[in-house]
Amino acid sequence: MQARPKSLTSPGRRRTLVFMTVTQPDLRATSAPQAGNGPGTDIPTHDELIERARALRPFLLERQEETERNTFPTEEVQQAFIDNGFYKVLTPKRYGGYQMNAWSFLRLAIELARADPSAAWCYALGHSHAFTAAAFFSPEAQDELFSAPDGYLVAASFAFPRGEARRVDGGYIINGAYPYGSGSPYSNYYMGVVPAPAGSAHAPEGDPISFVAKRADFTVGNDWGEILGMRGSGSATVTIKDAFVPDHWVLPAPFTALGAHDGSTPGALYHGDTTYAMPQLAFASTYPPALVIGMGFGALDAYEEVIKKKAPERIPGITDPATAKATVKAEVAEYQRVVGLASMEIEAGEALMKSVCDGLAEMGAQGSVDPVENLKLTLRTGYAGRLVWNAVNEHLWRTGGSSQALNSARMQRYFRDIATWYTAPGNGQRDSVAQMYGLVRLFGPPAPEAQA
C-alpha cells in the first residue's frame, strides 16, 4: 500500500500542509536482535552514562577556551568521548552500540554542554545521525554505514537542498558545498540534501533527496570561528566533489518531513526496537535546544560561583541595611531571587524536553506517527530552548555585572553560545511550524484518503 498525500490550505493563505497516511504493522511484535559484536553487559544504565559525562566536567571546563581557539574539540576531548562510549548511545547493538533511547542521548548532551557547549554541539549533531541511519536506511545500507573503521558513525549534515546530482548507473554523482557542517572534523560520513536530477529513482526532478557520502569523498574547510558563539563546534563548510553515492545510500527527503513516515521504518523492524520508529522531524528538533539547556545550567553554575565570591555594591544612602551587611552577593535577596527564577526556567525547559522524548517514544511504540502530535512536540522543543534564553538573558546576564562580559569570563561564552542558537531557525522555533499547528487545532487534520 502506498501513501497518498492529503493537503489542507489555511483560509486566505497559499501555504499547503501535507500529511501522509499509511497502514502500519504492529512493530511491538518484532523480537529484538542479538547484540552481535556489541558490548553486552558493558552497556551502561542511563544514570551510569550521565555520571560518565558528569565526571568529565572539570576536564571539559578547563578546555573551553582551547576548543574555541581550535574551532573544534581537540583530539584529547574527542578521545575522551570515544573512551566513554558516547558514540555508542544511538548506535544499534548489532553494530556494537548501546541502542539507548532519545532521553539518554539528550540528557548526555545536556550534561556535556554544561561543561563545554562547543564540544557538546560538535558531538551531538554528529552522533545524532546514527539514529537517522539506523532508522530510515535499508539493512544493506546500515551494514555498510556502521562498518566504518572508526567503529562508530558520525555524520555532519545540512538540511537544505544544495549542490547538484547526476544520475549514473547504480546511483548518483554528487557535487556541492554545504555550510554549517557541525561535527565535520570528526565525521566519517556526510548526510546532505540535493535536488533530484532527471531520471532519479528516488524523486521527481527538482525534488529533494537525502544522501550519504563517505569521508574520502568530501573535504572540510577552514572557514569556521568568525562568529559570535559556537566557535568551537567544528561547523565548517563541507565540499563534496564527484562523489559516487549508491542508490541504497539515498532516500527521498520527505522522510524527514511532517508525518512522512508511518512508524514502519526499516530500522524499527531490523533492530526490533521502536526507538528507531520515532519521527525524524521532532527528533531532529530536540538536540539543539537540549544543548541550550545544558548551556543554561552551565551559565547558572558560573553565576553562582561569582556571587558566592564577589562582594555586593554598596552605595551610601541607597543600599538597604541587609545588603550593607552582606559579605558576598549570594547573601543578598536580589541575587537569591535571580537564582531561583533562572533555575526554575532552565529546569522547566529540561522537563519539557523529557516530555518530548516520552511523546516520541510513545509514537514509536504505537508504530504510527500522529502528524499533529509531531508538530506539537517539535514546537515544544523550541519553547524549551526559549525558556533557557529568557533565564540567561533576562536574569543571569542582566544582573551578572560587566565583569561577566569579559572575554575571560565563562558567563560570556555561555551567553554568546546561547545567543547564537537563538538566531538559528530550528524547526521548533519556526513561525511556519507554529502556524501549521494552529491551523490543525483550528480546523482539524485533513481526512485521510482511501488507500490504494
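Could you count how many residues in the range 192-207 are surrounded by fewer than 22 Cβ atoms within 10 Å (Cβ to Cβ) and closer than 26 Å to Gly234 by Cβ? Reasoning before the result, please.
So the first thing to find is which residues in the range 192-207 are surrounded by fewer than 22 Cβ atoms within 10 Å (Cβ to Cβ), and the list is 193, 195, 197-207.
Add one more test, that the residue is closer than 26 Å to Gly234 by Cβ, and what stays is 193.
Count: 1.
Regarding the range 35-47, can at least one residue be identified that is assigned by TED's automatic domain parsing to the domain that holds Ala109, modelled with pLDDT of 95 or more and crowded, with 20+ Cβ neighbours inside 10 Å? First the steps, then the outcome.
Initially, the range 35-47 is screened for residues assigned by TED's automatic domain parsing to the domain that holds Ala109, giving 35-47.
Now narrow it down to the ones that are modelled with pLDDT of 95 or more: 43-47.
If we keep only those that are crowded, with 20+ Cβ neighbours inside 10 Å as well, we get none.
The answer is no; no qualifying residue exists.
Tallying residues that are of a type outside the set (S, T, N, Q) and over 21 Å from Tyr123 (Cα atoms) within the range 167-192 yields 10. Examine the range 326-340 for a residue that is in contact with a strand residue (DSSP E or B) (Cβ under 7 Å, 6 or more places away or on another chain), at pLDDT below 95 and over 20 Å from Tyr287 (Cβ atoms), and state whether such a residue exists. The answer is no; no qualifying residue exists. Residue-level check: of (1) assigned to a loop (DSSP other than H, G, I, E, B); (2) over 27 Å from Arg413 (Cα atoms), Thr132 misses just (1). Whether any residue in the range 118-126 is under 20 Å from Asn101 (Cβ atoms), touching a residue at least 24 places away in the same chain (Cβ under 8 Å) and part of a loop (DSSP other than H, G, I, E, B) is what I want to check. No, the range 118-126 contains no residue that is under 20 Å from Asn101 (Cβ atoms), touching a residue at least 24 places away in the same chain (Cβ under 8 Å) and part of a loop (DSSP other than H, G, I, E, B).
For the range 383-396, the set of residues classified as of a type outside the set (A, V, I, L, M) and touching a residue at least 24 places away in the same chain (Cβ under 8 Å) consists of Tyr383, Gly385, Arg386, Trp389, Asn390, Asn393, His395, listed by residue number. Within the range 265-303, restricting attention to residues that are more than 16 Å from the chain's Cα centre (by Cα), among the aliphatic types (A, V, I, L, M) and over 25 Å from Ser138 (Cβ atoms), the residue that is surrounded by the fewest Cβ atoms within 10 Å (Cβ to Cβ) is Ala302. Selection within the range 271-326: residues that are of a type in the set (S, T, N, Q) and in a helix (DSSP H, G or I). The member of this set that is farthest from Ala135 (Cα to Cα) is Thr323.
Could you tell me whether Val433 is of a type outside the set (Phe, Trp, Tyr), in a helix (DSSP H, G or I) and without any contact (Cβ under 8 Å) to a residue 60 or more places away in the chain?
Values: of a type outside the set (Phe, Trp, Tyr): yes; in a helix (DSSP H, G or I): yes; without any contact (Cβ under 8 Å) to a residue 60 or more places away in the chain: yes.
Yes: the conditions hold for Val433.
The values are calculated or read from the model by the stated rules, or taken from the named source; none is laboratory data. The shown structure was predicted, so the numbers you read here are calculated from the model rather than taken from an experiment. All Cβ positions, even for glycine, are placed from backbone atoms using ideal geometry, and neighbour counts span all protein chains on display.
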